[in-house]
Each structure stands twice: as structure tokens, then as C-alpha cells.
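Presented below is the structure to which this report refers.
Read-outs: derived from the displayed coordinates by stated rules, not from any lab. Remember, predicted model here, so these are calculated numbers, not experimental data. Cβ placement follows ideal geometry from the backbone for every residue including glycine, while neighbour counts extend to all protein chains displayed.
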Amino acid sequence: MSAKESNPISCFEAEKVMEKALDIGEAMLCSGAEILRVEDTIMRICLAYGDGIVDVFTILSLIILSWHTTDDKNYTQTRRIYSYSTNLKKLEELNALSRYICEEKPSCDFIEEQVERIMYEKDTKKTGSAVLLFGNVLGAAGFAVFFGGMLRDGIAAGIAAVFLYLWMNFYQKHSSNRVMFTLLTSFVAGFICILMVRLGIGVNQDKVMIGIIMLLIPGINMMNSLRDMICGDIITGMLKLAESLMVAVAIAGGFALAIILAGFLAIPFVG
Amino acid sequence: MLELGYLWSKYGVMLLSGLVGTLGFCIFFHVKKDKLIYGCIGGMISLLVYFFCIECGMNDFFQNMFAAIIATLFAEIMARVVKAPSTVFLIPAVIPLTPGSLLYYTMEAAVEGDAQMTKYYGQKTGMVALGIALGIVLVSAIFYQMSHKNVEMKVKLGNEKRKGFETK
């Protein structure tokens with residue numbers, strides 16, 4: 001079909017290659033890649049396997065890929081993205097994989113295997129989640145002290161982070177709405193923080209709460225949205241920016257609700 | 001003012017706890033094990049610049065902007081040295097600058113019904129966020145212009161292909 005026929009590809013069928021390219025693009029988008037990187041990767045993978053006109057359009061929640069092949073046929077596939085998070089390990093490995101694909105042009109089965117290995121490896125293992133929990137605790141405790149708290153505040157924030165992690169693990173399965181998820185999570189987190197202080201573990205309620213807020217704050221999203229906008233992806237940048245502003249408002253609202261409710265309930269001081 | 005003992009007593013706790021927090025976030029964002037050290041170095045660099053700017057008496061906006069500029073420089077250079085996406089280095093480096101405490105105080109003032117303090121802290125939060133964003137934007141725009149000509153390449157590639165079709 002193209003000049004690259006010297007490399008024996010068992011599966012040059014546009015549809016199949018497009019599916020794999022979309023798999024990789026989707027995986028990258030879900031791991032928090034910039035739009036430019038996703039579009040570039042998909043385009044390069046398609047053009048590595050065959051010639052033609054490849055058009056990719058990506059926003060936060062959708063990838064559209066259309067390929068006009070050299071034998072004058074049009075193929076179009078779309079992929080809806082429902083949720084995304086930041087996973088730099090997956091992002092790095094996917095980036096390396098896509099480079100490898102463009103150079104070596106492996107079979108589609110190989111790509112599928114690799115994508116599956118990257119996306120589902122260690123997510124289910126218990127050691128992985130223990131390490132993640134450790135990271136959560138360190139982050140909350142470190143920033144509680146960083147913003148002027150005492151060591152006891154750090155410890156309280158760390159304990160609160162453990163409960164928060166358990167809650168998030170429990171609730172994440174039931175919700176894909178990011179704003180509502182953040183609102184409820186920060187409400188629960190605020191309540192846990194107040195309890196921690198009332199139990200006498202933490203001293204300054206504000207510092208404990210700040211430590212926990214740092215875990216929820218969408219700073220990374222906001223940063224990525226600005227980078228997307230510089231690179232010319234205004235639509236996605238605006239979407240992400242609007243979402244991170246909504247999430248920030250939801251955090252403030254959730255914590256405010258917790259403070260107000262705790263004031264009504266008047267949980268007695270123990271410490 | 002340049003006494004190390006004085007500076008250490010003022011910023012030592014912040015530096016160490018900021019590093020611990022950055023390490024925690026690196027784990028939280030699944031940074032690969034061999035890249036953890038770069039994340040911590042990035043966090044330390046941006047913290048040190050941040051402290052330096054405080055000592056120079058700059059305002060909130062410039063403190064965060066300069067720290068973000070140096071952090072982004074570090075990330076873009078490391079991305080080219082270690083050959084990994086620059087996001088991997090940028091995210092940990094910017095994390096200590098995130099205005100988490102200001103967001104909290106804005107919310108607290110709002111709950112207490114103190115309109116003046118809400119406005120004050122809200123504006124401050126906005127200023128810090130804008131400073132970080134501008135710092136990142138400035139440097140990554142330069143690097144983008146210098147080496148990442150992906151968009152131009154993409155357009156060119158597409159045009160050539162289209163020309164080929166027309167002649168066939």
C-alpha cells in the first residue's frame with residue numbers, strides 16, 4: 001500500500017490501526033497528557049502504518065480521527081473520554097511506547113498487549129495502593145507544616161488523609177461527576193479535619209484543613225489548561241479552566257458546609 | 001541578611017516540610033521511581049527561588065512568577081536531558097507554589113461573612129494563580145517556539161499530502 005511495505009505488517013487495515021491509535025490516545029488523555037501531544041501521537045502512529053490524509057480533533061472529552069487512505073476510502077472513528085486523572089508513570093510509558101511504535105511498526109496485537117499492560121498494571125495490586133496512601137499522607141502532612149502548622153497539625157493532617165483516601169476509594173466507583181465528587185469529598189474531608197482537631201490531635205484547624213485542601217486543589221489542571229491554551233488548543237484550555245474553577249468553588253463550598261454544620265452540631269472539645 | 005543561620009531558622013522548616021510534601025505528591029501522581037529525585041530537586045529549586053524572592057521584598061505576584069519561571073526552565077531542560085515528557089518534571093516543581101492556604105482563608109472569611117477579608121484573600125489567590133500561570137506560560141512559550149514545531153510540521157505534512165492527492 002505504501003513505501004513501507006518492506007516492513008511486513010500483518011494487519012494493515014486502516015480501521016484496526018486507527019483503533020489502536022485511538023486506544024493509545026485515549027490512554028494518554030486519561031493520564032493527563034496535553035492535547036497537542038495526543039493529537040501528534042495519533043497522527044504519527046497512523047502515518048507510520050500507511051499514507052493518506054489523517055485528521056485528528058481532540059478536546060477534553062472526545063477524540064475524532066478520520067483517515068482518507070490512498071485507495072480513496074474514508075474511515076472515521078470517535079472515542080468519548082469520560083474521566084481523566086494525572087498519572088505521570090503511565091504518561092511516560094505511553095510516550096515511550098508511541099515512539100517505539102512509530103519506529104518499529106509492531107503488530108496490532110503487540111500494541112494492544114502493551115497498552116493493556118501499561119493501563120492495568122499495578123492498579124489492582126495492594127502494594128500499589130499502599131504506596132499511594134503513603135504519598136497522600138506525606139503530601140497532606142508536609143503541606144500542613146509548610147503553611148505554618150505545628151508538627152501535631154501535620155500528624156492530624158496525615159491521619160485525616162488516610163480516612164480521606166479510604167473515602168475517595170469507596171466513592172470514586174459511584175461517581176464520574178468531578179464537581180459533585182469534589183463537593184462531597186471536601187465536605188467529608190472538612191468534617192474529618194474538624195474531628196481531628198476536636199479530638200485533640202491537631203491544634204490549628206485551619207492548618208490541618210489546608211494540608212487536606214492541597215490534596216484536592218485542581219492546581220495541576222489549571223496549569224495544564226494554560227499550557228494547552230498556549231499551544232493553541234483554546235477549546236480544551238477553556239474547558240479545563242472552567243472545570244478547575246468549578247472544582248475550586250466546590251472545595252470551598254464543601255469545607256464551608258462542614259464548618260457550618262460542625263458549628264451547629266457543636267462537637268465538644270476533648271483535647 | 002545573608003546569615004545562613006538566620007535564613008535557616010526562618011525557612012528551614014518550610015523547606016523540609018515542602019520537600020516532604022512534594023515527595024508525597026510525586027508518589028500521589030505516580031511519578032516513576034527513578035524520576036522521584038528529579039521531582040524533589042524541582043520542588044527544592046522552586047522553593048529556594050521563592051524564599052529568595054521573599055527576602056528581596058517582592059510582592060506575591062512576582063514571588064510566584066519568578067519561582068514558576070525557574071521551575072519551568074528546570075523542567076524543560078530536564079525533559080531534554082532525561083528524554084521524558086516535560087510534564088513529569090513540571091508538575092512536582094510547581095506543586096509547592098499552589099495557593100492552597102489562600103483558598104482556605106478566602107473560604108473561611110466568606111463563611112464568617114467578612115466581605116472585606118473575602119475580597120482581600122480572593123484577590124490574593126487570584127494574583128498568585130496568575131503569577132504562577134504567567135511564569136509557566138512565558139518559559140514554555142519560548143521553548144515551544146524554539147524546539148516544538150509540531151503544529152507547523154503537522155500543517156505542512158497535511159498540505160503536502162493534499163497536494164499529492166490533487167495531482168493524482
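From the list A:Y82, A:Y75, A:Y165, the one residue that fits, being touching a residue at least 12 places away in the same chain (Cβ under 8 Å), within 24 Å of B:C40 (Cβ to Cβ) and of a type outside the set (A, V, I, L, M, F, W, C), is A:Y165.
Among the residues of the range B:94-125, those that are buried (at least 24 other Cβ atoms within 10 Å of the Cβ) and in contact (Cβ under 8 Å) with a residue 60 or more places away in the chain comprise B:I95, B:P96. Per the listing A:I260, A:I201, A:I213, A:I194, the residue uniquely out of contact with any Pro (no Cβ under 8 Å at 6 or more places or on another chain) and within 25 Å of B:F29 (Cβ to Cβ) is A:I213. Kindly indicate whether any position in the range A:192-207 is touching a Cys at 6+ places or on another chain (Cβ under 8 Å) and assigned to a helix (DSSP H, G or I). Yes.
For A:T41, are the conditions met, namely being more than 10 Å from chain B (Cβ to nearest Cβ) and either within 24 Å of the chain's Cα centre (by Cα) or buried (at least 17 other Cβ atoms within 10 Å of the Cβ) (or both)? When the stated conditions are applied, A:T41 passes them. Among the residues here, B:T22 qualifies as of a type in the set (S, T, Y) and within 19 Å of A:I217 (Cα to Cα).
When B:A84 is tested against (1) assigned to a loop (DSSP other than H, G, I, E, B); (2) more than 13 Å from every other protein chain (Cβ to nearest Cβ), just one condition goes unmet, and that condition is (2). Exactly one residue out of A:K173, A:K90 is on the phi < 0 side of the Ramachandran plot, of a type in the set (D, E, K, R) and touching a residue at least 60 places away in the same chain (Cβ under 8 Å), and it is A:K90. Screening the range A:205-245 for residues that are surrounded by fewer than 21 Cβ atoms within 10 Å (Cβ to Cβ) and either away from chain B (no Cβ under 11 Å) or hydroxyl-bearing (S, T, Y) (or both) and picking the one that is farthest from B:L138 (Cα to Cα) gives A:E243.
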